[in-house]
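Student: If you scroll down you'll find the structure; I have some questions about it.
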Amino acid sequence: AVRPFFSPLSVFDEIEEMLRDFDSGLLTPKLDMYEDKGDIVIKAELPGVKKTDMEIGIEDDVLTIKAEKKREKEEKESTHYKFERSFGRYSRSILLPAHVDADNVSATFKKGLLEIRLPKAEQPEIKRIEVKVK
């Protein structure tokens, strides 16, 4: 018996994923977020992205990662059989679970994995305001 090379269900899943990416025009990096030694740690997969094509920012407890994976120069003499790799802009905004010390955030990038360490900020003191009766 001859077995198919693909499952019909997986083809529909792949088409749906491609349409989502195409519809938004942006790629979404997959990431993990956890706490380690008082820091919030985020690890994001950005394969094929160069450090110079990456931007990270924090505003109002929201971390934003932007990057671009540029298409490689195509060889005119080569014969292509399949194109599956994605190229384009990545963007991801994450609401952080705690206030962070934005001045002491560090980021490293190695083998397509971006690691961001965000030290948690000390909780601001709650200032009580006395109400005077007149």
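The values are calculated or read from the model by the stated rules, or taken from the named source; none is laboratory data. Since the structure is predicted, the reported quantities are computational estimates derived from the model, not experimental observations. Backbone-built Cβ (ideal geometry, glycine too); neighbour counts: all protein chains shown. SASA here: full protein model, heavy atoms, side chains in, ligands and nucleic acids out. Shrake-Rupley method; radii C 1.70, N 1.55, O 1.52, S 1.80 Å.
Student: Does any residue of the range 50-63 turn out to be of a type in the set (S, T, Y) and surrounded by 10 or more Cβ atoms within 10 Å (Cβ to Cβ)?
Tutor: no
Student: Name the residue that is least open to solvent (accessible area, probe 1.4 Å), counting only residues in the range 92-118 that are of a type in the set (V, I, T) and under 11 Å from D39 (Cβ atoms).
Tutor: Only one residue tops the list, namely I116.
Student: For the range 63-102, which residues satisfy the criterion of being small (G, A, S) and either modelled with pLDDT under 80 or more than 30 Å from E125 (Cβ to Cβ) (or both)? Walk me through how you get there before you give the answer.
Tutor: Filtering the range 63-102 for residues small (G, A, S) gives 67, 78, 86, 88, 91, 93, 98, 102.
Within the range 63-102, A67, S78, S86, G88, S91 meet the criteria.
Student: Go through the range 119-134 and report how many residues are open to solvent by less than 100 Å² (accessible area, probe 1.4 Å) and in a loop (DSSP other than H, G, I, E, B).
Tutor: Count: 2.
Student: Across the range 24-42, which residue is farthest from R117 (Cα to Cα) among those that are open to solvent by less than 60 Å² (accessible area, probe 1.4 Å) and modelled with pLDDT of 90 or more?
Tutor: So the residue we want is L31.
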